[in-house]
Amino acid sequence: MSNIIVSQHPLARQKISALRLATNTSQQARELTDGIGRLLMYEATKDLELVCTNTEQSPIGPYEGEAIAKTHALVPILRSGLGLLNAASDFLPDAQVHHLGLFREESTLLPVEYYNKLPRKCTVDECIVLDPMIATGGTADAAIQILKTWGVPKI
């Protein structure tokens with residue numbers, strides 16, 4: 001699990017602490033979740049590969065344009081992952097969005113897939129799974145296995 005990153009960013013930790021308050025309104029919970037999502041997306045995208053595009057003109061002279069090299073999909077795990085989707089979409093506005101529905105069955109504690117609308121053929125180079133509700137990691141692991149089977153080179 002070398003690609004698992006636990007954010008130690010002080011602002012993320014402060015927002016997570018505030019999100020745990022039992023007295024939060026729905027609006028406060030949405031705003032905090034969005035803020036946490038933005039901080040996590042910053043960390044998750046910091047090493048994206050860039051390619052040079054065209055030579056462009058700025059007010060002070062020419063420069064080499066850059067763009068994200070690979071195609072991406074954002075994969076929220078229904079329903080909790082939807083709270084992170086707006087922030088993630090702001091960071092990667094050209095990313096495809098594919099929803100997966102998974103839940104943990106209460107008696108066996110195993111993940112159960114109930115919704116999957118992935119296209120027949122993998123159409124992206126990398127996926128970012130959006131799931132704020134990780135307890136044992138079983139649902140996240142199941143989502144990753146579904147995406148691997150679909151053919152995603154990097155998750």
With respect to Thr108, is the statement that it is in a loop (DSSP other than H, G, I, E, B), loosely packed, with under 13 Cβ neighbours inside 10 Å, hydroxyl-bearing (Ser, Thr, Tyr) and free of Cβ contacts under 8 Å to residues at least 12 places away in the same chain true? yes
All-but-one check, Ser89 against (1) in a strand (DSSP E or B); (2) surrounded by fewer than 18 Cβ atoms within 10 Å (Cβ to Cβ), failing number (1)
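Being over 20 Å from Ala87 (Cβ atoms) and over 19 Å from the mean Cα position of the chain (by Cα) is the filter here, so list the residues in the stretch 22-49 that pass it.
So in the stretch 22-49, the residues over 20 Å from Ala87 (Cβ atoms) come out as 22-23, 49.
Correct list: Ala22, Thr23.
Looking only at the stretch 120-137, count how many residues are under 20 Å from Leu92 (Cα atoms) and open to solvent by 50 Å² or more (accessible area, probe 1.4 Å). Full working, then the answer.
The first filter runs over the stretch 120-137 and keeps only residues under 20 Å from Leu92 (Cα atoms), leaving 122-132.
Next, only the ones that are open to solvent by 50 Å² or more (accessible area, probe 1.4 Å) stay: 123, 125, 132.
Residues meeting the conditions: 3.
Could you please let me know if Ser17 is within 14 Å of Ile128 (Cβ to Cβ) and free of Cβ contacts under 8 Å to residues at least 24 places away in the same chain? Please lay out each step first, then the result.
Working: within 14 Å of Ile128 (Cβ to Cβ): no; free of Cβ contacts under 8 Å to residues at least 24 places away in the same chain: yes.
Here the answer is no, as Ser17 does not meet what is asked.
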When the residues of the stretch 138-151 are narrowed to those that are within 15 Å of the chain's Cα centre (by Cα) and at pLDDT below 95, which ends up surrounded by the most Cβ atoms within 10 Å (Cβ to Cβ)? Ala143
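Does Ser80 count as assigned to a loop (DSSP other than H, G, I, E, B), open to solvent by 90 Å² or more (accessible area, probe 1.4 Å) and small (Gly, Ala, Ser)? Even if it seems obvious, please write down each step before you answer.
Numbers: assigned to a loop (DSSP other than H, G, I, E, B): yes; open to solvent by 90 Å² or more (accessible area, probe 1.4 Å): no; small (Gly, Ala, Ser): yes.
No: the conditions fail for Ser80.
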Determine which single condition His72 fails, assuming it passes every other condition in (1) surrounded by fewer than 11 Cβ atoms within 10 Å (Cβ to Cβ); (2) in contact with a strand residue (DSSP E or B) (Cβ under 7 Å, 6 or more places away or on another chain). (1)
Do the conditions hold for Leu102, that is, is it assigned to a helix (DSSP H, G or I), surrounded by 11 or more Cβ atoms within 10 Å (Cβ to Cβ) and touching a Pro at 6+ places or on another chain (Cβ under 7 Å)? no
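When you scan the stretch 41-55, do you find a residue that is open to solvent by less than 80 Å² (accessible area, probe 1.4 Å), under 22 Å from Ile128 (Cα atoms) and touching a helix residue (DSSP H, G or I) at 6+ places or on another chain (Cβ under 7 Å), even just one? Outline the logic, then answer.
Restricting attention to the stretch 41-55, the residues satisfying the condition of being open to solvent by less than 80 Å² (accessible area, probe 1.4 Å) are 41, 43-45, 48, 51, 53.
Add one more test, that the residue is under 22 Å from Ile128 (Cα atoms), and what stays is 41, 43-45, 48, 51.
Checking the rest, the ones that are also touching a helix residue (DSSP H, G or I) at 6+ places or on another chain (Cβ under 7 Å) come to 41, 45.
Scanning the stretch 41-55 turns up at least one residue that is open to solvent by less than 80 Å² (accessible area, probe 1.4 Å), under 22 Å from Ile128 (Cα atoms) and touching a helix residue (DSSP H, G or I) at 6+ places or on another chain (Cβ under 7 Å).
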Given (1) assigned to a loop (DSSP other than H, G, I, E, B); (2) in contact (Cβ under 8 Å) with a residue 60 or more places away in the chain; (3) over 25 Å from Ala69 (Cβ atoms); (4) of a type in the set (Val, Ile, Thr), number of the condition Val152 does not satisfy: (3)
Single unsatisfied condition, His98 versus (1) modelled with pLDDT under 95; (2) within 13 Å of the chain's Cα centre (by Cα): (1)
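The values are calculated or read from the model by the stated rules, or taken from the named source; none is laboratory data. Keep in mind that what you see is a predicted model, and the values were worked out from it rather than measured. For neighbour counting, all protein chains shown are included, and Cβ atoms are generated from backbone atoms with ideal geometry for every residue, glycine included. Just so you know, the surface numbers come from the protein's heavy atoms only, side chains and all, with ligands and any DNA or RNA stripped out. Shrake-Rupley method; radii C 1.70, N 1.55, O 1.52, S 1.80 Å.
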